[in-house]
Amino acid sequence: MEAGSRSLIDQQPISRLQYVTVLLCFVMNMLDGMDVMVISYAAPAIAGDWDVSPGSLGIVFSAGLLGMTAGALFLAPFADRIGRKALILLSAGLMGISIYLTSYSVDVTDLIVFRFVSGLGIGSMLACTAALSSEYTPNRSRDFWVSFVLSGYPVGAVLSGLVAARVIPASGWEALFRIAGATTLLALPLVQLFLTESLQFYLNAPSPGSLARANAILARMGKEPLESLPERPLGPGGIPVRSLLGPDYKVSTFQLWTALFLSFATLYFLLSWIPKLAANAGLSMELAIYAGAVFNVGSFFGVITQGYFSSRFGLKKTIGIFLILTAILMAVFRVFAGSPALLLVFGLLGFGVQGGFVGLYAVAARLYPTQFRTTGVGWAIGMGRLGGITGPAVGGLLIGLGLTMTANFLIFAVPTAVAGLVTWRIVSRNIS
């Protein structure tokens, strides 16, 4: 059944419906990136207003990442039962409401609670958009399109950084959260009206009305309707999570989880602390915010470049090279400390670590079948988020101990290099 629906997509030109689906998934990831980064851009202003220590801010960052972990592990798998679109709507609602309410926080406890709730939506959103985009794009260019969709994440981070640089000095950090929350909520009607549920979801999870819904999608794609639903194939036994550890997936699942854990630790250390580290290095608040924005500009180009090279030379090799080269750049960061090229280096770091890291989502989308694809992607992201929780918290402790930006980068170069090597060795016939 999955082979049949895949052949319909693999053998035909991409239709307007597929382009619209990919574009909307890109937009939702833009909002995801915006909602993740607003706390990092606001952190220096919050610290100044409330006299908050780096350690306390590290807990706030980690609370958001803990929510993202829970969302990816426990909320995202529901997409394999209720559909990708329904969960995208739920995730966006959680994100928008909690981000908006963050503007009314009066202490660190409020920030922790709202960041955790917003993290639930952010974590499940990434898994749903990665799965849906992979199911609507042909095999020959799937790695590029999944990477393109996920490149919305750094685009949103960049745009929110540019807005933050204007809004925070003029109106305070509270205004930034109100803008971000309202923008996310405004996307809900777009998703409801224009996002199409996965064709493969209807074919693989048949229920009353599935055939009619599948044929409606096929008609919009200009394809012949089905007379009946294909016989459902037998997949690995047990609950979906157990299926990830079946004989065909166990080794590759643990390899993927390890690579994501280590790369998440580095990525979220950088995302969370670059503005603060740049401020500690003597940059103004505005330039410190721009340092984070430059990192995410590099991330966008890195993700697109990685997607292109992965389609040509294979996912594992491309991702491995991206992460290993990033580790080398981090290890020699001291050469650039204090130089005019510092902002360029931040851009190159974003290019490498985010470009390589996002490719791991495409690995997860290819590794697992439709029956438990969102569960597989969600659990991969969730296990990786454990590293994301660890990274900012460790960074906060190291900064609190007085370690320099150079020392922090050297420490985090190690997990980045190991992530690249593990990715290169992932065992799966489904991944080039």
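Every read-out reported here was derived from the displayed coordinates using simple, explicitly stated rules and does not represent laboratory data. Since the model is a prediction, treat every value here as computed from it, not as a measurement. Reconstructed Cβ throughout: ideal geometry from the backbone, glycine too, with neighbour counts over all protein chains shown.
For the chain, the Cβ-based charge dipole about the Cα centre amounts to some 1000 debye (Lys, Arg positive; Asp, Glu negative; other atoms uncharged). Axis of helix 250-280 versus longest Cα principal axis of the chain: the two differ by about 30°, to the nearest ten degrees. Compute the acute angle (0 to 90°) between the alpha-carbon long axis of helix 16-50 and the principal axis of greatest extent of the alpha-carbon atoms of the chain; round to the nearest 10°. Long axis of 16-50 versus the principal axis of the chain: about 20 degrees.
Remark on the chain: ratio of C-alpha radius of gyration to 2.2 N^0.38 Å is 0.94.
Relative to one another, the C-alpha centroids of segment 53-107 and segment 191-230 are positioned 30 Å apart. With a cut-off of 8 Å between alpha carbons and a minimum separation of six or more residues, what is the relative contact order of the chain in percent? Across the chain, relative contact order equals 26 percent.
Per-residue 3J(HN,Hα) values for segment 167-184, derived from phi via the Karplus relation 6.51 cos²θ - 1.76 cosθ + 1.60 with θ = phi - 60°, read 6, 4, x, 8, 10, x, 5, 4, 5, 5, 5, 5, 5, 5, x, 5, 4, 5 Hz in sequence order (x marks Gly and Pro).
Please find, in a Gaussian network model of the chain (springs between Cα atoms separated by less than 10 Å), the residue of Val345, Val358, Val60 whose mean-square fluctuation is greatest. Checking each option, the largest mean-square fluctuation is seen for Val345. Protection proxy ranking of 260-273, 363-376, by the mean of other Cβ atoms within 10 Å over each peptide's residues and highest first, is 260-273, 363-376. Highest mean packing comes first when the peptides 183-193, 313-323, 168-178 are listed by Cβ atoms within 10 Å, giving 313-323, 168-178, 183-193.
Quick check: from the Cα gyration tensor, does segment 29-79 come out rounded (a/c under 1.5), prolate or oblate?
The shape class here is oblate.
Once C-alpha pairs closer than 8 Å and six or more residues apart are averaged by separation and normalised to the residue number of segment 157-222, the relative contact order reads 17 percent.
The GNM of the chain, with springs linking C-alpha atoms under 10 angstrom apart, assigns the highest mean-square fluctuation among Ser252, Ser228, Ser134 to Ser228.
Axis of helix 285-313 versus longest Cα principal axis of the chain: the two differ by about 30°, to the nearest ten degrees. Taking the average, over residues, of other Cβ atoms within 10 Å as the packing measure, peptides 37-49, 110-122 rank 110-122, 37-49 from highest down.
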